[in-house]
Amino acid sequence: MAAGAAEAAAVVEVGSAPQFEELLRLRAKSLVVVHFWAPWAPQCVQMNDVMAELAKEHPQVSFVKLEAEAVPEVSEKYEISSVPTFLLFKNSQKIDRLDGAHAPELTKKVQRHASSGSFPPSTNEHPKEDLHVRLKKLTHAAPCMLFMKGTPQEPRCGFSKQMVEILNKHNIQFSSFDIFSDEEVRQGLKTYSNWPTYPQLYVSGELIGGLDIIKELEASDELDTICPKAPKLEERLKVLTNKASVMLFMKGNKQEAKCGFSKQILEILNSTGVEYETFDILEDEEVRQGLKTYSNWPTYPQLYVKGELVGGLDIVKELKDNGELLPVLKGEN
C-alpha cells in the first residue's frame, strides 16, 4: 500500500485556478509538466500512467494533472480544446505544448526541457528566423494543403471534421498537417496568414480560408474549380503498379519490413540483384483496400512486373525454387 501511495503522490492533482497559479509560482525554478485530462477518456487514463512513470524517472521535474472540465478558467486561459493536452512550464511561463496521447513525444519533450537549464531553451529544432521559411515550405508541400486539428482519419475538432468531409465529398486531393503536433507552426501560421483560427486550407501556397469560406465556395460551385481533383482510384493504382519495372506492395519499406511475409520477400528480391521499388500499404488505406480488388489478390505482399501482378510470397518462392524468378523480374517471361 505504501509503495502505491508513494507512486500516486509523484503526480500532483490540482483542483482550482488559484492552486494552479500557486503551484507554478512555488515550482518556478523547476520544469512543470501539466496534463489536462478527463476521467471519461481512456487515452487520458493511459497517459496518467505514463506521467507516473516519468515522475519516477525525473524526480527533479514536477508532474501535475488537472481535470480540464473541472477547472474551465485554466483550460480557457491556455486554449485547451481537447484532451489529453500537455503544457510544459518554466519560470511560470509556458514553454512547450503537446496535444494528444503521444507517450514517446511527451517523454522526448520532458527529457529535452529537463536537461536544458536555460529558459527559454537555448536549442530549438527550428530557430525563430527560419519559421517563415518553414511555413512557406509547409504551405507549398502539396498543391492542396489542409492545416487542421488531428488527421483526416482522426479529426480532433468538429470544424476540421466538417472540412475533411467536404473535401472528400468533392474528391479533392489534399495533404494535411496536424497543428497539434507542432506548437510553433500552430501559432506562427496565424500570423503568417493573418488568419486566427483552424482549419486553414491552402492551394498552391495561397490561403483560401477556413470552414466558412469553403462552405461558401461549395455552395457557389466554385470549390471544384479551385482545388485539384484526386485521380480516380483505378487510375491511381495503374500509375502506382507501373511506377517502376518491378514494384512491391508491402507492409513497411525496403529498410524496415513490418510483417514476416514482407521481410521474406525482400530477402528474396535482394538476393536477385534486380532493381525494384516498394510501396508501404500501411501508409495508405485507400491503396491497401483498392489494390485487393484491382488485382483480385486478397493478401500482401504483392509483386508487380511492368504493371502486371506476379503474385505473393508463395508464388515468388515457387518461381525462385524453379529458377524462373530472375527471367520473370527482367520481364522475359
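The values are calculated or read from the model by the stated rules, or taken from the named source; none is laboratory data. Everything numeric here is computed off the predicted structure, so don't read it as measured data. Every residue, glycine as well, gets a Cβ built from its backbone with ideal geometry; the counts of neighbours run over all protein chains shown. Areas reflect the complete protein model, heavy atoms only, side chains present, ligands, DNA and RNA absent. Shrake-Rupley method; radii C 1.70, N 1.55, O 1.52, S 1.80 Å.
Look at segment 91-129 and say how many of its residues are in contact with a helix residue (DSSP H, G or I) (Cβ under 7 Å, 6 or more places away or on another chain) and either under 20 Å from R156 (Cβ atoms) or modelled with pLDDT of 85 or more (or both).
Adding up the residues that qualify gives 12.
How about segment 27-40: which of its residues are in a loop (DSSP other than H, G, I, E, B) and either among the aromatic types (F, W, Y) or surrounded by fewer than 22 Cβ atoms within 10 Å (Cβ to Cβ) (or both)?
Matches in segment 27-40: R27, A28, K29, S30, A38, P39, W40.
Among residues belonging to segment 41-61 that are more than 24 Å from the chain's Cα centre (by Cα) and open to solvent by less than 30 Å² (accessible area, probe 1.4 Å), point out the one that is nearest to C157 (Cα to Cα).
A52
Looking at this structure, is V64 open to solvent by less than 80 Å² (accessible area, probe 1.4 Å), part of a helix (DSSP H, G or I), at negative phi and at pLDDT 90 or above?
no
Which of the residues that make up segment 215-244 are open to solvent by 60 Å² or more (accessible area, probe 1.4 Å), closer than 22 Å to G290 by Cβ and either touching a Lys or Arg at 6+ places or on another chain (Cβ under 9 Å) or not basic (K, R) (or both)?
If the condition is that a residue be open to solvent by 60 Å² or more (accessible area, probe 1.4 Å), closer than 22 Å to G290 by Cβ and either touching a Lys or Arg at 6+ places or on another chain (Cβ under 9 Å) or not basic (K, R) (or both), then E234, E235, V239, N242 are the ones that fit.
Pull out all pairs, ordered by first then second residue, where Cβ-Cβ is under 7 Å, the residues are six or more apart or on different chains, the first lies in segment 53-79 and is over 16 Å from V33 (Cα atoms), and the second is open to solvent by less than 10 Å² (accessible area, probe 1.4 Å) and in a loop (DSSP other than H, G, I, E, B).
Final answer for the pair search is E69/A38.
Would you point out which residue out of L138, L131 is assigned to a helix (DSSP H, G or I) and in contact with a strand residue (DSSP E or B) (Cβ under 9 Å, 6 or more places away or on another chain)?
L138
So which residues in segment 80-97 are in contact with a Lys or Arg (Cβ under 9 Å, 6 or more places away or on another chain) and under 19 Å from K149 (Cα atoms), if there are any at all?
S81, S82, T85, F86, L87, D96, R97
A quick yes/no check of all residues on (1) part of a helix (DSSP H, G or I); (2) free of Cβ contacts under 8 Å to residues at least 12 places away in the same chain:
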{"residue": "A244", "(1), (2)": "no, no"}
{"residue": "K254", "(1), (2)": "no, no"}
{"residue": "N270", "(1), (2)": "yes, yes"}
{"residue": "L282", "(1), (2)": "yes, no"}
{"residue": "T293", "(1), (2)": "yes, yes"}
{"residue": "T299", "(1), (2)": "no, no"}
{"residue": "L303", "(1), (2)": "no, no"}
{"residue": "K320", "(1), (2)": "yes, no"}
{"residue": "G323", "(1), (2)": "no, yes"}
